[in-house]
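Student: Let me begin by handing over the structure; questions about it come next.
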Amino acid sequence: MKHFEANFDGLVGPTHNYAGLSFGNVASLNNAAATSSPKDAAKQGLKKAKALADLGLVQGMLAPQERPDLHSLRRMGFSGTDSDILNKAAKEAPALLRACCSASSMWTANAATVSPSADTRDGKLHFTPANLVDKLHRSIEPTTTGNILQATFNDSRFFKHHQHLPEHASFGDEGAANHTRLCSEYGHAGVELFVFGQEATNPTAPKPQKFPARQTLEASQAVARLHQLDDDGTVYIQQNPDVIDQGVFHNDVIAVGNQNVLFYHEQAFLNTQAKLNEIKRKFGESALHFIEVPTTKVAIQDAVKSYLFNTQVVTLPSGEMAIIAPTNCQENPAVFAYLNELVTLDTPIKQVLYFDVKQSMQNGGGPACLRLRVAMNQDEVAAVNQHTLMNDGLFTRLNQWVDKHYRDRLHVEDLADPQLLIESRTALDELTQIMQLGSVYQFQK
Ligand SMILES: N=C(N)NCCC[C@H](NC(=O)CCC(=O)O)C(=O)O
């Protein structure tokens, strides 16, 4: 049976804006109140997704969330007509309005943790939406994320959907951004690496001092239990708290894996050598490539600015690997030199392809943040909602849809405009028909 690793990219929503909502995420804070272009953002994302489909990879799209989120604003006590609510929130609690308007669901690496059927005891592919409790604007995503995942992977013979973890800091969960899977072939059992920022129930364990550690060990362990993973197929690694304090708010800002390659910065983890030994032992006999990038070649600040590690390492149909990098990596001399050298070394990575995803980068989201990886066999791919899979037809339809509904420019001051709510709902309603998702949004219920 054939097997693949599909990427499901988040379609950027119509309210994409820069609101400075993510303390600990340097780009988000630096660009607070800048003017965004929702249209360019969505098109940049679609272009990257289409390019990967054209390379012969299985590529899907996940629908964005309903924003402004009137349902959450009502839960926060705002009442009246939709316009009243937007008005009152803008006047009385602008920070809450901004939190309810973010298009942050575009970063589908944070949508969920996914364990392929080859790794799980019941032989099903498991999804657990991330609760994202560390950030208010992201904590309102998981229920709708679950609806969208169920509408996309909608066959219970193959797919098992869990509820997100309890909404408490002890279970802070940021999904696949802190999870990587190593394997010899996508369809063979692999080793799932869960990278956490802190242990919630152990006050003496190391943790960052300045910025939050968004993922807890307890959350990672709970997901592994839900997904029926065996101990000999899982490794828990603590992220180096010093790099979290330098802006590495998710592990995918400092490390990425694909098949038998782990590409990471030398300062990424705690107890690195012991953890690499554990990975080797659990991985078994096949060749494993640990590509460690030293600080002397790429400083943490350069990694954070360029998103060298927020790249996608993908296996092309030829069997060679390519890195899908943001153009920011070309603009950073140290990182560009490193990537040029990397493709000449004795590793499976043979080429680098650059994509302009700057609209997303300015909020701290690179190519890898924009995608959720789902390793599947051919029967599972056939069971996916086929209207979510990228091809020439979907690419054309989605670009036309963006042209019709998205604004060229958006500023935080525009978020209370009742017209934006109408535009956004009209667009999403049409999208659920294009992608045949059914009623996944509150406003459709
Ligand atoms: N690394 C991964 N996988 N994802 C990146 C997520 C970026 C996102 N930015 C934001 O939510 C900024 C929104 C704003 O400030 O307007 C976050 O910090 O959660």
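Student: Using a Gaussian network model of the chain with C-alpha springs under 10 Å, which one of 175, 45, 187 is most mobile by mean-square fluctuation?
Tutor: 187
Student: Further question: Tell me the Kirkwood hydrodynamic radius of segment 1-160 in angstroms, computed as one over the mean inverse distance between distinct C-alpha pairs.
Tutor: It is 17.4 Å.
Student: Among all stretches of the chain without exposed GluC sites (Glu not before Pro) (DSSP loop, at most 13 other Cβ atoms within 10 Å), which one is longest?
Tutor: After excluding every exposed loop site, the longest remaining stretch is 1-166.
Student: Whose amide H sits under 5 Å from the amide H of residue 60, counting only residues 5 or more places off or on another chain, with H placed in the peptide plane?
Tutor: Result for residue 60 returns 7, 8, 9, 390.
Student: Amide H to amide H, which residues 5 or more places from residue 17 or on other chains are under 5 Å from it, using H placed in the peptide plane?
Tutor: Under 5 Å from the amide H of residue 17: 103.
Student: Moving on to the next point. In square angstrom, rounded to the nearest 10, how much accessible surface does residue 356 have for a 1.4 Å probe?
Tutor: Here the residue's solvent-accessible area equals roughly 80 Å².
Student: Once Rh is set to the Kirkwood radius over Cα pairs, what Stokes-Einstein translational diffusion coefficient, in µm²/s, holds for the chain at a temperature of 37 °C and a viscosity of 0.692 mPa s?
Tutor: The calculation lands on 151 µm²/s.
Student: List the residues whose amide H sits under 5 Å from the amide H of residue 113, counting only those 5 or more places along or on another chain, with H placed 1.01 Å from N in the peptide plane.
Tutor: Answer set, sorted by chain and number: 128, 130, 176.
Student: For segment 396-413, what does the Karplus curve 6.51 cos²θ - 1.76 cosθ + 1.60, with θ = phi - 60°, yield as ³J(HN,Hα) per residue in whole Hz, taken in order and with x for Gly and Pro?
Tutor: Per-residue couplings from phi come out as 5, 4, 5, 5, 5, 4, 4, 4, 6, 10, 8, 7, 6, 9, 8, 10, 3, 5 Hz.
Student: What does the convex hull of the Cα atoms come to per residue for segment 270-342, in Å³?
Tutor: Value for segment 270-342: 119 Å³ per residue.
Student: Using the Karplus equation 6.51 cos²θ - 1.76 cosθ + 1.60 (θ = phi - 60°), what ³J(HN,Hα) coupling, rounded to whole Hz, does each residue of segment 80-93 give in order, writing x for Gly and Pro?
Tutor: Going residue by residue, I get x, 6, 4, 4, 4, 4, 4, 4, 5, 4, 4, 7, 8, 8 Hz, with x marking Gly and Pro.
Student: Calculate log10 I(q)/I(0) of segment 238-288 for q = 0.13, 0.26 Å⁻¹, where I(q) comes from the Debye formula with a single equal point scatterer on each Cα and nothing for solvent.
Tutor: -0.33, -1.04
Student: To the nearest 20 debye, what charge dipole does segment 234-333 have about its Cα centre, counting +1 at the Cβ of each Lys and Arg and -1 at the Cβ of each Asp and Glu? Don't jump to the answer; show the numbers that get you there.
Tutor: Numbers: 6 positive and 10 negative charges, 47 e Å.
Charge dipole of segment 234-333: 220 debye, to the nearest 20.
Student: Once R0 is set to 45 Å, what does the formula 1/(1 + (r/R0)^6) return for the Cβ-Cβ distance between residue 242 and residue 188, expressed as a FRET efficiency to the nearest 0.05? All intermediate terms of the calculation are to be shown ahead of the outcome.
Tutor: Values: r = 35 Å, r/R0 = 0.79.
The computed FRET efficiency comes out at 0.80.
Student: I need the phi-derived Karplus couplings for segment 237-243: 6.51 cos²θ - 1.76 cosθ + 1.60, θ = phi - 60°, integer Hz, Gly and Pro marked x.
Tutor: The phi angles translate into 10, 8, 5, 5, x, 5, 7 Hz.
Student: Taking each pair of distinct Cα atoms in segment 284-401 once, what is the resulting Kirkwood hydrodynamic radius in Å?
Tutor: Radius from the Kirkwood sum: 16.4 Å.
Student: Given a 10 angstrom Cα cut-off, can you work out which residue in 282, 404, 39 is the most mobile in a GNM of the chain?
Tutor: 404
Student: Residue 169 versus residue 301, label points 7 Å from Cα toward the beta carbon: distance in nm?
Tutor: The two pseudo-label positions are separated by 3.0 nm.
The values are calculated or read from the model by the stated rules, or taken from the named source; none is laboratory data. All figures in this text were calculated on a predicted structure; none of them were measured in a lab. Here the Cβ is made from the backbone with ideal geometry for all residues, glycine too, and neighbour counts use every protein chain on show. For the accessible areas, the whole protein counts, side chains as well, though only heavy atoms, and no ligand, DNA or RNA atoms are used. Shrake-Rupley method; radii C 1.70, N 1.55, O 1.52, S 1.80 Å.
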